[in-house]
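The values are calculated or read from the model by the stated rules, or taken from the named source; none is laboratory data. Being a predicted model, the structure only gives us computed values, none of them experimental. Ideal geometry is used to build each Cβ from the backbone, glycine not excepted, and the neighbour counts take in all protein chains shown.
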Amino acid sequence: MAQRLQQKSDWVATEEPLEIRILHHTPAGLNTFSLSVTLRTPGHDFELAAGFLFSEGIVQSDRDIDTMAYCLDDESQHYNIVNVQLGRDVAFDPAGLQRHFYTTSSCGVCGKASLEALQVTGCVPLADGFFVSANLIKQLPQALRDKQPLFERTGGLHAAGLFDAQGRLHSLREDVGRHNAVDKAIGHALTQRLVPLHERVLALSGRAGFELLQKALQAQIPVVASVGAPSSMAVELACAFNVTLLGFINETRFNVYSGPQRLLQP
C-alpha cells in the first residue's frame with residue numbers, strides 16, 4: 001500500500017548565539033573583554049551569564065556584579081550580547097584566562113578541565129549532613145518532564161532542576177545546551193542570593209559530564225541526579241570532592257557512583 005507524504009507545521013527549539021562580555025575597571029578606565037560565545041535557547045540570558053561567571057570562579061557572589069544589560073549597539077545582534085559589569089573591587093585578569101570559551105549547543109560553555117584546576121581555585125570536598133530519600137530520587141525524571149513545556153513542544157531541549165529534600169522544585173531551566181541549562185539554574189539561585197546550595201539536589205535530564213559536576217561543586221550542591229550516564233571524569237570528580245552522583249535514574253532504579261551516605265533507604 002502506497003504511503004502519502006503530508007505537509008504540516010512543527011515546533012523546533014530556538015538556537016541563537018550569545019556572547020558574554022566582561023566590563024571591568026582598570027587604571028585607564030572601564031575595559032571590555034569578550035569572554036565567551038555559546039549557542040543557547042534565548043531566555044534567562046542574565047542567569048546564564050551569571051551562572052557561568054560563578055561556576056568559573058570569575059565572580060564569588062551576585063555582589064561582584066554591578067550590572068547586566070544587553071548590548072544594543074549592533075542592531076543585527078539585539079539581545080544576543082550580554083554586557084556584565086563587574087564591581088570596582090573585583091579582580092579580573094584577562095591574561096590569566098587560558099583561553100576564550102567558544103562553545104556549541106551540544107556542549108554549552110565549557111571551562112576547567114581537570115581536578116587540579118578545581119583545587120587551585122579553592123574547591124574543597126563537600127560536607128555531609130544533607131540526606132534525601134531514594135524513593136524521591138526515582139521520581140525526579142517525571143518531575144522534570146512535568147515542568148518542561150518547551151520540551152513537550154519540541155523534544156529538543158535539556159533541563160536542569162533544583163529540588164529540596166522534600167521533592168519541591170525550586171527552579172527549572174531548559175536549553176538546547178546541557179551546560180547552559182545548569183548555568184541558568186545556578187545563575188537564578190545566585191541572583192536570588194541562595195548560593196551556596198547545601199540543601200539541594202541537581203536533577204539533569206541527560207548525561208552527567210565532568211563540567212556539569214564542576215558547576216554543581218562550585219555551587220556546593222551535594223547531590224547530582226542524572227537521567228543518563230556519567231562520564232569517567234565526572235565520577236572521579238564526585239569521589240574526590242564528596243559529591244553524591246547518581247545516574248540512569250528511572251521510576252524503579254538508579255546507579256550510585258559516589259556518596260551513598262546521603263541516601264535514605266525505605
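Here are some notes:
- When L23, L5 are screened for being outside any helix (DSSP H, G or I) and surrounded by fewer than 14 Cβ atoms within 10 Å (Cβ to Cβ), only L5 passes.
- Selection from the stretch 196-218 of residues that are surrounded by 24 or more Cβ atoms within 10 Å (Cβ to Cβ) and in a loop (DSSP other than H, G, I, E, B): R200
- For the stretch 1-48, the set of residues classified as farther than 20 Å from D89 by Cβ and among the small types (G, A, S) consists of A2, S9, A13, S34, S36, G43, listed by residue number.
- Yes/no for Y79 being at pLDDT 65 or above and of a type in the set (F, W, Y): yes
- Any hit, the stretch 139-149, residues being within 18 Å of S55 (Cβ to Cβ) and assigned to a helix (DSSP H, G or I): no
- Residue selection: A49 fails the criterion of being exposed (fewer than 14 other Cβ atoms within 10 Å of the Cβ), within 22 Å of D175 (Cα to Cα) and at pLDDT 90 or above.
- Among residues that are touching a Pro at 6+ places or on another chain (Cβ under 6 Å) and buried (at least 21 other Cβ atoms within 10 Å of the Cβ), L144 is not included.
- Taking each residue of the stretch 225-239 that is assigned by TED's automatic domain parsing to the domain that holds S205 and looking for partners that are assigned to a loop (DSSP other than H, G, I, E, B) and at pLDDT below 95 with beta-carbon atoms closer than 6 Å, six or more apart or interchain, yields V227/S205; G228/G206; G228/R207; A229/R207; S231/G209; A234/G209.
- Flag for A189 being of a type in the set (A, V, I, L, M), at pLDDT below 95 and buried (at least 18 other Cβ atoms within 10 Å of the Cβ): no
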